[in-house]
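Here, each number is a calculation from the coordinates, and none is a lab measurement. None of these values were measured; they are calculated from a predicted model. Heads up, the Cβs are rebuilt from the backbone with ideal geometry, glycines too, and the neighbour counts pull from every protein chain shown.
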Amino acid sequence: MDQPPAMEAAAAADANISNLVLPQGFLQDPAVFLTSLASQPPSRQGLAALAGPISKWFIAAAPRTIISPEDASSSHPAAQVAGLYLQAASVQLRDDARAGDDVQQEMATTQHQYETLEAVGAAATLCQSRMAIASSGILPTLAQLMLHSQTAADAVPPEATASSNSSRPSLSSAESVFSPTSSASFPPLQQVSVEFLQCCIIAEHHRYAERFIRGTWPRPSNTVNIRTVLRYYYLRGIVHMGCGDYAMAHRCWWTCLSVPAEICSTIMIHAWKKLSLVQPLLDRSRGTNSLYHDKSSSSSQKATTRFPACMAKCMARMLTSGKESKDEAVMLYTQLGPAAEMGNVELVRSLIQTHESLLKKDGNYGLALVCLKRAQGIQVWQAARLFSIVSMTQLAQRWKILPEQVPQRLIDSEVPCRLEDDGMVVFALNDASDDNNSNNSMFHGAHTGLPQPINDPSTSSPWIDLSEWMQLLERMQRLDAGISTSSKYHALKKEEKSSSAGEASSIADF
């Protein structure tokens, strides 16, 4: 594949600007150069070729945001060969490249590996298609490197050696090697873990990444810089969020805000934004008490975003100054999450519509829509607390929607209720009538493809307990009827009465 002259000129100009001396073969045709490295067996020379100036070239071309591939410039030469760099790195990063190293070679190889890993994360953000990342083979290679980075805590399983000698690792082989059950609960935090998460997120392989981090909580060593720690837990939170695990996502972003800092970093600010939106999605036991009660009658109750007690003072100052200056981002995120937690659908919808461009820029538009859905669910729970029976027209007026939209709102909320033929809604929280009537439709929620609100345990469990209690009562009534007609029972009762009379007489005589 011939490289256009314009691309060669742009690469040379970019190299001059960055004061980088790129290899002549790479300047002439980057695609051929990288394809050649991808076809060669892993070696120290191949890894060194990907490191140094070439790795810095990709890092300089990557967007400065944490993870936003949409901001990558497709006109930059690096974007056109980013997929090829990942292919070459997937081969040259294998542990075969380190075989037979002495101490000095080991140190040089470690440095080349570190530089290449940084460039891998940058190249992933430059890829124009997520399929280019998945098909490059970089994900299983990084997963294997994560496994080998834990050798200080765990012994390397036999499968690791066999897998590293394969011609090209597959997703299934890497998953079997890096099993969460074989790794330590607190492995050391390494650079490869950060780049692995970033590549998986951009490739939209959240569940694949979650398999390898499940049950682990890496601890940074003294040699790991703060930015690596922040990036790992921020990206890990995105992985858990993509898998619908709100609690773990919250824990990761909470950790980001717990890291000591003198100056607010961009990662901490992004973590704060996501933390404020994920808190309303947590289980009720972790949030505001009486979350599903109607709070309109009490103006003193107000939900607020909770932060770590050890949060850096710079973050607190940033939020305070942002509120005073009415900064758009600060005002949005300090209102949106609490409004969702209070079930204020109108305010949540208004904030999303007004600040749609900012939410999309931050990558939080989808999460904001989930908050809107949660607020709608809380609104239904509040209505269930207030009404035993109510018409769909009244609910539509209360929720400011069309009557035809009420059934779907009830289904999405997963509130136990049923819809009568006359258009009345009977909430099961306050009704113990028979739910087996064929003329009624029972709603127990439905899977719509979006994250569903968490059932309120204080209201859903009594509905189940009441049904079981009614069944037990019927069995007791049948047992009473059977005993009352039993001749054996009456004979035993007469004997008990005569025995009791004898004991009473004895006591009186005494």
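Numbers below:
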| item | result |
| --- | --- |
| Greater than 30 Å apart at Cα, pairs in Lys323/Lys361; Lys313/Lys373; Lys56/Lys313; Lys56/Lys326; Lys326/Lys373 | Lys313/Lys373; Lys56/Lys313; Lys56/Lys326 |
| Sorted peptide list for 322-334, 25-37, criterion being average Cβ within 10 angstrom, highest first | 25-37, 322-334 |
| Order by protection proxy (mean Cβ within 10 Å, highest first), peptides 267-274, 233-240 | 233-240, 267-274 |
| Per-peptide average of other Cβ atoms within 10 Å, ordering 401-408, 256-263 highest first | 256-263, 401-408 |
